[in-house]
Each structure stands twice: as C-alpha cells, then as structure tokens.
Number of protein chains: 2
Amino acid sequence: MEINGARLMGNIRTLGTLGINETGRSRLAASDEDKAGRDYVKGLFEEAGLEVVVDRIGNLYGIWRPEGCPDVDPVMTGSHIDSVINAGQYDGDLGVLSGLEVIRTLQEAGFRPSRPIVVVAFTNEEGVRYQPDMMGSLVYAGGQPLDEALDSIGTDGTRLGDELARIGYAGTIDPGDIKPATFVELHIEQGPILDVEGTQIGVVESLQGIHWKRITFHGAQNHAGTTPTSMRRDAGLAAAKVNVREREHALANDKFLCTVGTIALEPNAVNVIPDKATFTVDLRSPVKETLDSEDAGLEEYLLQVAEQEGLTVESEQLTCFDPVPFDEGVCQRIEASCEARGLSHRRITSGAGQDAQMMARICPTAMIFVPSVNGISHNPEEYSRDEDCVNGANVLLDVLVSLSE
Amino acid sequence: MEINGARLMGNIRTLGTLGINETGRSRLAASDEDKAGRDYVKGLFEEAGLEVVVDRIGNLYGIWRPEGCPDVDPVMTGSHIDSVINAGQYDGDLGVLSGLEVIRTLQEAGFRPSRPIVVVAFTNEEGVRYQPDMMGSLVYAGGQPLDEALDSIGTDGTRLGDELARIGYAGTIDPGDIKPATFVELHIEQGPILDVEGTQIGVVESLQGIHWKRITFHGAQNHAGTTPTSMRRDAGLAAAKVNVREREHALANDKFLCTVGTIALEPNAVNVIPDKATFTVDLRSPVKETLDSEDAGLEEYLLQVAEQEGLTVESEQLTCFDPVPFDEGVCQRIEASCEARGLSHRRITSGAGQDAQMMARICPTAMIFVPSVNGISHNPEEYSRDEDCVNGANVLLDVLVSLSE
C-alpha cells in the first residue's frame, strides 16, 4: 500500500495558505487564523466520513471506526496545526494531514482495522499565545487541570476558554475520554541531522529533557580605566566563563547540549565594568543522569567562578523536564517499515518538545521524523522535500496498519 | 608653607552644594547648574584679587600677577568644575579650588613669584552633555577648531555656543592666548590603587591610551534543542571567548587593561542559538606598543574565532587615543615635595582621561593624585579624606612655588 502523495502535499499546501496575516503564517492557538485552519481540517475529516469530535480544551479528533470494527481502545496519530508567528507550513500540519491521508488510503484499499484509528489535532502545541506549550496534549494526558488551562491568559490579555468558544471549538467531551492503545506522531525533525547525513527517516526513541536556568552574577561597578585587573569584580566576565565552559562540556558529550541564548549586562556602558550579568542557560539531554549531573556540575561551577571573581550568584530554575523515553516496540515497528521500504533510517532524539511526550505518559508512544532541509524550522524557510514527507507518511501507514491489523 | 586646609575643604563643600537638581549633583557643561558653580568660583577668584578672564570656549581663568611680577609665560594649574550626572564633590573641583588655595596661601605669605600663576576651570571636561569630553582643554591645546566645538549639539538638542552665551560665559579671548610655561593638575585618583596600598600621593607620570572597539559576530540562528554542538554557529559563544581571552591577556600584563562593558545578542531568546552578538571592548595601556600590539592581536583572534565557530566578524574602531607621557621634570618636583613633607608616594598612570593630557601637547605637564576611598568616582559616594586632599594641595603648593620662584 502507498499513500497518495499528491493528495497529501496538496492538502499541506492548502492548509499552508490559511491563517496568513500581516505577520506571515501565524495560526496562534484559538485565533481567527487557527479557526481557518481548523475549519479546513474538520472539513477534510468530514469529507473522509470520520466522526468529528472536539473536547473541552479544543483538541479536534477525526475518528475512523468503520462498520464491524470492534469498539476497543483506538490507535491514535496526529500532531497540531497551531503555529508560531511567521511560521513554515510543515511543523505539526504534516502529522495531522498524514494521519488523515493514511486513513483515506486504508479506506480506499478496503482495509478492515481491528480497532478504531483516530487522528488528532491538539490545541496550542506552540505555546506562543498561551502558556505552557503542548497544552492540549498535556491536559489530555492529565498533566494540567482542564479549568486551569482554560483560564490561561494570553499575551493579548484574552482567556483561552473564551477564545475557544468564540471560534467555535470549545467541545463537550472531556480530554482523555478517548483512551488510545498506542500513539504515533509523524513530524519534521526541525534540526539538521537527517538532512546533513542524508538519512530518510528518524526513528525517534526519546525526547530530550530540558532544564532552563536564569543566572545572575552580582559584582562591582567600576571604571574600566582606573580599576586594576586584580581588583575587578566583573559580572560579565563570569557569564562569559560559564558560556565557554558549557560549550566545552557539550563538545565532550554528544548526549548533552547547552545554549546561552540571552544576556543582559548592567550598566551596559563601554567604559564601566559590569556589576550585574543576567543570562539564561538551556541544558538538554536524552539521558536523565547526564542532564542532572550537568545541572549539578554547572551549579558548582557558578559558586566556584563567583568566588574566583569576587561575585555573588543567584540561579533560578525556569523549566525542568525529564527526558522522555519512547516505546521500544513502536520504534521497532517504525524500523521494520523502513527496512521493508528500503528507506535509510537511524535512531534519533527529539530536541524539541512534542505532543508525543505528553501522550507517552498514558500509552506506548513513538515518533517518526523526516528531514528538515538545513534544519530550519519556525521560519517561512522551513522546508521538507515532498519525497521525504511522502516517505514519512508511508512509514506511518505501515505502523498504523501493524497496530490495527 | 602650608595651605589653609579648613578654607580649602570649606570651599569644596560649598561648591558641592551648588548645581544639585532632581538628578543629584549634576553640573553638566553650560547648564544652569554649571553657571551656579562658575559664579561661585568666579566670585572666589575676584575675592582673591585675581584677574578673571573667560575665553571663547568658556574656559575660566584666575590670573595672579602681583605688582612687580615679570610679564612672562605663567605657570598654570587647575582642572574643571563641570560634572557627570549624580556626581560626587571632588572630581575636578579639588584641582580648581586647590589652585586658588595655593595662590591665597602665597599671597598671605608675601611670596613674590617670578612668573604669573594662573588657575583655570576648563569647560566640559566630562563630555556628558556635549561631545567630545575634555573639550575646553582640547580646544585650548589646538586639538579641535573653536567653531566646531561651539557648534556641538548637546544630548538635549542645544548648541554649546548658545548655551555659553546664555549663562554668561562666552568670553572674548581666544583659547590658547595664555601660553603656560608648565601645567600641573591635582585630581582624585578615581581608582583604588592609592587607597588599597595606603599611599598618600600618586605621581602621575603618564595617562593610558584608549582604544574602543565595537565588534559584531554573525552566525546562524538555530534551535537550541535540535542543533548538534558541532553544527552550531553561535555568535554569543564567540563573544564570550573574546571576553575570557582578553582577561587572560590583562592578567598577564599589568600595563594592560581590557573591559567588555556592553553586549547584545539577537534574537536573545532562551532556546535560540544567537546569530548576532554585538559587544564593545575597551583596551587601555600607558605603553603605546602594548596597546597597539594588543589591539592587533585581538583583531587576529577575532578572525581566528570566527573561523573556528563558522562566523563572520566586523570590528569598528570607536576611539583611538595614544598614551600620553607626562613631563619627567615636573614628576620629579612632585616627588621632591613628597619627600620633603614625608608623604608616601608612587609613580602611577591615569586610567581616566584628563585635561592635563591635552595640556601635555603644548607644555611640560604632570598630575598629582590623591586617594579615592574604595576607588569610587562619578558617584555621590565618591570620597577623598580631608587630610589626603590637604596633602595634595600642599604638594601642589610646593610644585608651583618651585616653578615660580
């Protein structure tokens, strides 16, 4: 069996034209632009004869339970169709529309599933308008109370629950009422590894843990021309030392990533030694022990460099997610499909957060990655080749078949 | 002979009460606050029977040529009375008021100078309202055309020439018409060396050269979670490496100072690798060869780190002043006074810019430093002990006597 590549890519391109405003393609959760995308997807679900259901957090389901299909826990696939500001057209959309395409292919082939197949578009994966991100799947998996999520106040001052009602996507069933036997998500890699290596499919066996810290060094503001080097208490230098040290650690361990993405110096004047440096550190690893020990090692280093440089230091933990291991059995089904289709593949870790990480809390879960050209994502230049998207959808087809035969 | 310490400190405290507004003690050049200070100093000059002269850039002179004094090139002393925003009460004021105090002491002692003694308050040393700093002495020494200086537009949109006229300090003689035989300036150190060492007098033998650079690294904006370390092009990391490297160089050479005082990352997001880092580097040395070779070495390192990290780099020279050596003969006169008075002393380099550096272009010049407690300056907490100020004024007395006997 093969999915209909032209139909899939046509749907992706059509969805990609919806929700464009003066900031580019910006389908922020529960916005008018999101509604345009949802209406399109809902129409496709209906066209395919799926039962359309919306839950109270706005997750949109298309349920395929053909006549004679046993009423057992379904296999579920999907992703999200909300986007960042000025986004590309693959992130999320590929997973939702491929799930639908798989069902249409199975319908056309006269496949008789042993369990229902559900395709889902989760609400607010990106977390741009309302925090936290991956909210729809988080609430679904029981990780956040529904009412708290609905009460989220957006960057524009709106309440999520009100906005869902306004756009017509405040559903009635409770999130989690549909209990999947397995969840599989197809997604673009959003990183460069598959593209650089020329590998066709990423078998996503885990999702990195993430620790975010906000670190502040306090020193002494002094004249750059009159303060001898030995008497300086330079908060900016200490921040620089941390950045250089963390890069050395990341180079020494390919299961560890570290990024200093923001920094602010005070007073931030050319000829004044900074007395305050505030910066963030983003630590990631698929291995919990690595992440925890790198975090602890960094905290020790902060104290050490503060003592060396005559500073005080504060460190605030902004985010702390453990790594998520995906299901080995589902990974093996993905690999079996790649082997059968002659597609090159490798085990890979998701560097970004995903709805699948929430679903892994409640059922066996894994993901399929296809290459992102140059690793570009969250950008209009985001691009995955048609053949790669089609390969990914065909692997998803095989895996869903194997889970519902 | 001894100066009248109580009178000197009383004058400093009185001048310190003038020009206070909602931003603290802020006698910005040619402001109403500056006028208040100038009027006070001018009144003191007149009280001492000095001839008061103002030149076209607003430099204010008190000339002591008692009857019988030959009409030859004078010895000159002084400093400035303009201030930064929210300043202390010693920077500049000490030098001007000590010059006056020396003349009054000599008058009271019946001293008969062999040449006139002039005390000057130069216009706009701080450069806060109008750039460049040290403008009055720069124009005096022929380093900037008078009309260009008068046409300077301030941070508040005003023209310096208009403001000088408005406050009544647009004089008629040309700057430089008074040709000094020697210039000696008493000033607070504005750094911690004398205070930390417990040394009473700094014999300022040179003034550091200053190079300012604005450096920009350009890399690639990528996802902090999905971009392997080896594929990163992290502009912020390169900036950190420069900071750490420059500190190592400064630690290895006590005639070299380096400060990274400002930095901005783009896009400055926790989970995005910065594709742009813009920062400044302030390089200083009293030795021209050191400053030039450190500058060249830094430029080489920028290219090297850009290549290592897959970046491009731009470097813009914002300021480039050579070091200024002061006059050895004047330094020896300062030392002789310290020895005679039993004051501890050391040779020192001025880390900050000074009017004396401009005067060194046209006549033998040196400076006398007194300790700044904790090295604090440009701040209401700026403090030099009375005994240290009085010691400095007594040394100035001896030096001026030796130059005009």
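Quick look at the values:
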| item | result |
| --- | --- |
| Every residue from the range B:35-85 that is of a type in the set (A, V, I, L, M, F, W, C) and either free of Cβ contacts under 8 Å to residues at least 40 places away in the same chain or under 12 Å from B:Ile103 (Cα atoms) (or both) | B:Ala36, B:Leu44, B:Phe45, B:Ala48, B:Leu50, B:Val52, B:Ile63, B:Trp64, B:Val75, B:Met76 |
| Yes/no for A:Gly19 being without any contact (Cβ under 8 Å) to a residue 12 or more places away in the chain and open to solvent by less than 60 Å² (accessible area, probe 1.4 Å) | no |
| Some residue of the range A:234-241 being part of a loop (DSSP other than H, G, I, E, B), modelled with pLDDT of 95 or more and within 8 Å of another protein chain (Cβ to nearest Cβ) | yes |
| Total residues in the range B:205-224, condition within 8 Å of chain A (Cβ to nearest Cβ), touching a Ser or Thr at 6+ places or on another chain (Cβ under 8 Å) and over 20 Å from A:Ala224 (Cβ atoms) | 2 |
| Filter result (of a type in the set (A, V, I, L, M, F, W, C) and open to solvent by less than 10 Å² (accessible area, probe 1.4 Å)) within the range B:241-257 | B:Val242, B:Ala250, B:Phe256 |
| Members of the range A:361-380 that are at pLDDT below 95 and over 16 Å from B:Gly225 (Cα atoms) | A:Pro380 |
| Residue in the range B:22-36 that is under 19 Å from B:Asn124 (Cβ atoms), in contact with a strand residue (DSSP E or B) (Cβ under 8 Å, 6 or more places away or on another chain) and open to solvent by 10 Å² or more (accessible area, probe 1.4 Å) present | yes |
| Single match in B:Asp195, B:Asp254 (criterion: more than 30 Å from B:Ala277 (Cβ to Cβ) and either under 20 Å from the mean Cα position of the chain (by Cα) or not hydroxyl-bearing (Ser, Thr, Tyr) (or both)) | B:Asp195 |
| Test result for A:Gly202, buried (at least 21 other Cβ atoms within 10 Å of the Cβ), in a loop (DSSP other than H, G, I, E, B) and either within 14 Å of chain B (Cβ to nearest Cβ) or of a type in the set (Val, Ile, Thr) (or both) | no |
| Subset of the range B:306-348 (residues that are out of contact with any Leu (no Cβ under 7 Å at 6 or more places or on another chain) and of a type in the set (Ser, Thr, Tyr)) | B:Thr312, B:Thr319, B:Ser337, B:Ser344 |
| All positions within the range A:209-240 that are among the hydroxyl-bearing types (Ser, Thr, Tyr) and surrounded by fewer than 21 Cβ atoms within 10 Å (Cβ to Cβ) | A:Thr216, A:Thr229, A:Ser230 |
| Evaluation of A:Ala252 against (1) over 27 Å from B:Ser377 (Cβ atoms); (2) at the interface with chain B (Cβ under 7 Å from one of its Cβ atoms); (3) without any contact (Cβ under 8 Å) to a residue 12 or more places away in the chain (one fails), failing number | (2) |
| Subset of the range B:31-56 [acidic (Asp, Glu) and in a helix (DSSP H, G or I)] | B:Asp32, B:Glu33, B:Asp34, B:Asp39, B:Glu46, B:Glu47 |
| Pairs, first modelled with pLDDT of 95 or more in the range A:112-139, second among the basic types (Lys, Arg) and in a loop (DSSP other than H, G, I, E, B), C-beta under 6 Å, six or more apart | A:Pro116/A:Arg65 |
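The values are calculated or read from the model by the stated rules, or taken from the named source; none is laboratory data. Keep in mind that what you see is a predicted model, and the values were worked out from it rather than measured. As a convention, Cβ positions derive from the backbone with ideal geometry for all residues, glycine included, and neighbour counts pool all protein chains shown. We work out accessible area using only protein heavy atoms, side chains counted, and drop any ligands, DNA or RNA first. Shrake-Rupley method; radii C 1.70, N 1.55, O 1.52, S 1.80 Å.
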